[in-house]
Amino acid sequence: MDTTRFDVLIVGAGAAGMMCALTAAQRGRSVLLLEHAPKLAEKIRISGGGRCNFTNLHAKPDNYLSQNPHFCRSALARFTPQHFIDMLDRHGIGYHEKTLGQLFCNDGSEAIIAMLRSECDTAGVRWCMPCSVEKIERSDAFYVTASRGRFRAAALVIATGGMSIPKIGATPFGYKVAEQFGIPMTRLKPGLVPLSFHPEEWAMYAGLSGASVEAVVSFGKRSFRENLLFTHRGLSGPAILQISSYWEAGKPLSIDLLPDHDVREIFLQQRGSKMLLSNFLAQYLPKRLAEIVATQWLENKPLNQYAEKELKALADKLKAWQVTPTGTLGYSKAEVTCGGVDTHALSSRTMECNEVPGLYFIGEVMDVTGQLGGYNFQWAWSSAYAAGQAV
Ligand code: FDA
């Protein structure tokens, strides 16, 4: 089989792969993008409910989980949200801030895919798609044997992402390449994912499916104040997705269901009231939840029939409800994979492996995981740009 030469081979044409390709090609490098899926960048397409939350104006290292928390600092500083916004502006793509610095496309995620594709094409990036990589060898350079040819390059960039949503093309390919070259990995787990409970334990809450409440959900020192959604299997909604990335199996979460209220004080003031507990709570909580709390956590009675001690205990439980999930809904429902290629083995300036010159890892395949809100795409752009400048 003939071997075609390039300066740079990039495996995975998702967010990071395309950004790296266009950056390197704009510097005059010959670049080949290899992608196994028949459709380009499905994850961008489905992201942000089809509108792609493509960055967050406030992205900073504290928004990322990693065993090497300062690693992301350099790349984030060199390719900022504003740099990506400038690219959108050049292409006339409209966007808006939804909340908390989260930027979404006005007209759908397709605009981002088309922009990246067109920047790649203008810069002369070559495509090999759909195409599966069969073998990677390294001698004087990297040799990649794929279903549609054999390719050689001095630089090989792995941009194959994480494990979430296998049905649209996610594979553990990047982790296997790390293993092949002796690059260490950190532990993997689904992140930004709904949490599940034992069916028997959850039975009393299953009827709440669809109800949501603004809550503060905490694990250890991390707290998120956002919407919490009851589902028939457990808990979801932004507050839960956020905390799921930090949650450790077997340990409880603490949930403040009434973050704006001093509940002990309210109960103290209303102790003489003849109002039924469920009706009283319904002034502060969704009706169905108030009903469950009043009937399942206690016996539903007028407030004046409870001992002060009982009301204090209920107040404390509403402010710090302890729940221990049995697990998560796994990679099929997770937005990201926490963990990945250990960044201690990589240069934070270039994303190149310290021990394997010419081999780069970018995007979600690395042990850098963003919180919910556009941070994961920002990491894809920033890490890809850093590598694209170096290859
Ligand atoms: P990405 O997954 O984008 O790309 C990897 C590419 O490699 C894919 O094209 C894949 O097909 C390809 N590939 C895999 N294995 C291969 C192999 N063996 N050979 C060749 N190619 C291979 N983030 C955010 O910031 N804002 C948001 O709104 C959302 N929304 C969102 C919704 C949903 C439902 C999910 C699942 C995820 C999000 N995310 C998100 C997360 C975000 O999509 C994700 O972090 C980035 O796409 C990661 O970019 P990468 O380029 O690293 O991987």
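The values are calculated or read from the model by the stated rules, or taken from the named source; none is laboratory data. It should be emphasised that the depicted structure is a prediction, and the values quoted were computed from it without experimental measurement. Using ideal geometry, Cβ is built from the backbone for each residue, glycine included, and neighbour counts are taken over all protein chains shown. Please note that ligands, DNA and RNA were not included when accessible areas were found on the heavy atoms of the full protein model with its side chains. Shrake-Rupley method; radii C 1.70, N 1.55, O 1.52, S 1.80 Å.
Counting only residues at least eight positions apart within a chain, or on another chain, the aspartates and glutamates with an alpha carbon under 17 Å from that of residue 39 are 110, 121. Judged by the mean number of other Cβ atoms found within 10 Å, the most tightly packed of the peptides 344-357, 43-56 leads the ranking 43-56, 344-357. Each residue of the stretch 309-316 is assigned a 3J(HN,Hα), and the resulting list reads 4, 5, 5, 5, 5, 5, 4, 5 Hz, derived from the Karplus form 6.51 cos²θ - 1.76 cosθ + 1.60 (θ = phi - 60°), x at Gly and Pro.
With all protein chains present and a 1.4 Å probe, how do 198, 232 order by accessible area, largest first? Each step should come with its number before you reach the end.
Values: 198 85, 232 130 Å².
Order by accessible area, largest first: 232, 198.
In percent, what relative contact order does the chain have, based on Cα pairs under 8 Å that are 6 or more apart in sequence? Kindly include the intermediate steps, with their values, before the conclusion.
Working: 871 pairs, mean separation 98.2, N = 391.
Over the chain, the number comes to 25 percent.
Computed from backbone phi with θ = phi - 60° and the Karplus coefficients 6.51, -1.76 and 1.60, the 3J(HN,Hα) list for the stretch 365-376 is 5, 8, 7, 9, 10, x, 6, 6, x, x, 6, 6 Hz; x is used for glycine and proline. Descending by average beta-carbon neighbour count within 10 Å, the peptides 256-267, 200-211, 325-336 line up as 325-336, 256-267, 200-211, the highest first. A cut-off under 10 angstrom between Cβ atoms defines the neighbours of residue 125, and their net charge, with Lys, Arg +1 and Asp, Glu -1, is +1. With a cut-off of 11 Å between beta carbons, the residues surrounding residue 150 carry a summed charge of +1, where Lys and Arg count +1 and Asp and Glu -1.
Summarising the amide proton neighbourhood of residue 185: residues at separation of 5 or more, or on other chains, whose placed amide H is nearer than 5 Å comprise 342. From the alpha carbon centroid of the stretch 85-114 to that of the stretch 291-365 is 29 Å. Using the Karplus relation 6.51 cos²θ - 1.76 cosθ + 1.60 with θ = phi - 60°, the per-residue 3J(HN,Hα) values for the stretch 50-62 come to x, 10, 6, 7, 7, 7, 9, 4, 9, 4, 8, x, 5 Hz, with x marking Gly and Pro.
Counting Lys +1, Arg +1, Asp -1, Glu -1, what net charge surrounds residue 272 among other residues with beta carbon under 14 Å of its beta carbon?
Working: positive: 271, 274, 301; negative: 308.
Once all neighbours under 14 Å are counted, the net charge is +2.
Within the straight-line cut-off of under 28 Å between alpha carbons, the lysines reachable from residue 317 are 221, 251, 274, 287, 301, 309, sequence neighbours fewer than 8 places apart in one chain being disregarded.
Cross-link reach is defined here as a Cα-Cα straight distance under 29 Å, omitting same-chain residues fewer than 8 places apart; for residue 43 the lysines meeting it are 60, 98, 135, 167, 176, 189, 333.
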